[in-house]
Amino acid sequence: MGIAEIREMLGGVSRARASVIASRRDFPPPYQVLKMGQIWRKSDVAAWIAKNRPDLATDS
């Protein structure tokens, strides 16, 4: 998943805010870096949200 999907999982934060969050030291590292940008595993992002933003965690 890219920043757009991470934005959605974080409750619709701005692209800039999502990028800041994804740059945090405790955020999961990207799975791969492509020409179009970084991508993350959904399961890694979901686990981070469950731990750090439990109010936004979902079962999906």
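Numbers for the structure displayed
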{"quantity": "Residue order, fewest to most surrounding Cβ atoms within 10 angstrom, among Arg25, Arg7", "calculated": "Arg25, Arg7"}
{"quantity": "Ranked list, fewest to most other Cβ atoms within 10 Å of each Cβ, for Met1, Met36, Met9", "calculated": "Met36, Met1, Met9"}
{"quantity": "Net length gained if the chain between Arg24 and Glu8 were fully extended (0.36 nm per residue, minus Cα distance)", "calculated": "4.0 nm"}
{"quantity": "Reference-scaled alpha-carbon Rg (2.2 N^0.38 Å with N residues) for the chain", "calculated": "1.02"}
{"quantity": "Cα-projected label distance for Thr58 with Val33, points at 7 Å along beta-carbon direction, nm", "calculated": "3.0 nm"}
{"quantity": "Residues Lys51, Lys35, Lys42 arranged by fewest to most Cβ contacts within 10 Å", "calculated": "Lys35, Lys51, Lys42"}
{"quantity": "Between helix 42-52 and the chain: long-axis angle, C-alpha atoms, 0 to 90°, nearest 10", "calculated": "50 degrees"}
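All of the numbers you see were taken from the coordinates with simple rules; none came from a lab. Computed from a prediction, not measured in an experiment: that's the story for all the values here. Note: ideal-geometry Cβ built from the backbone for every residue, glycine included; neighbour counts use all protein chains shown.
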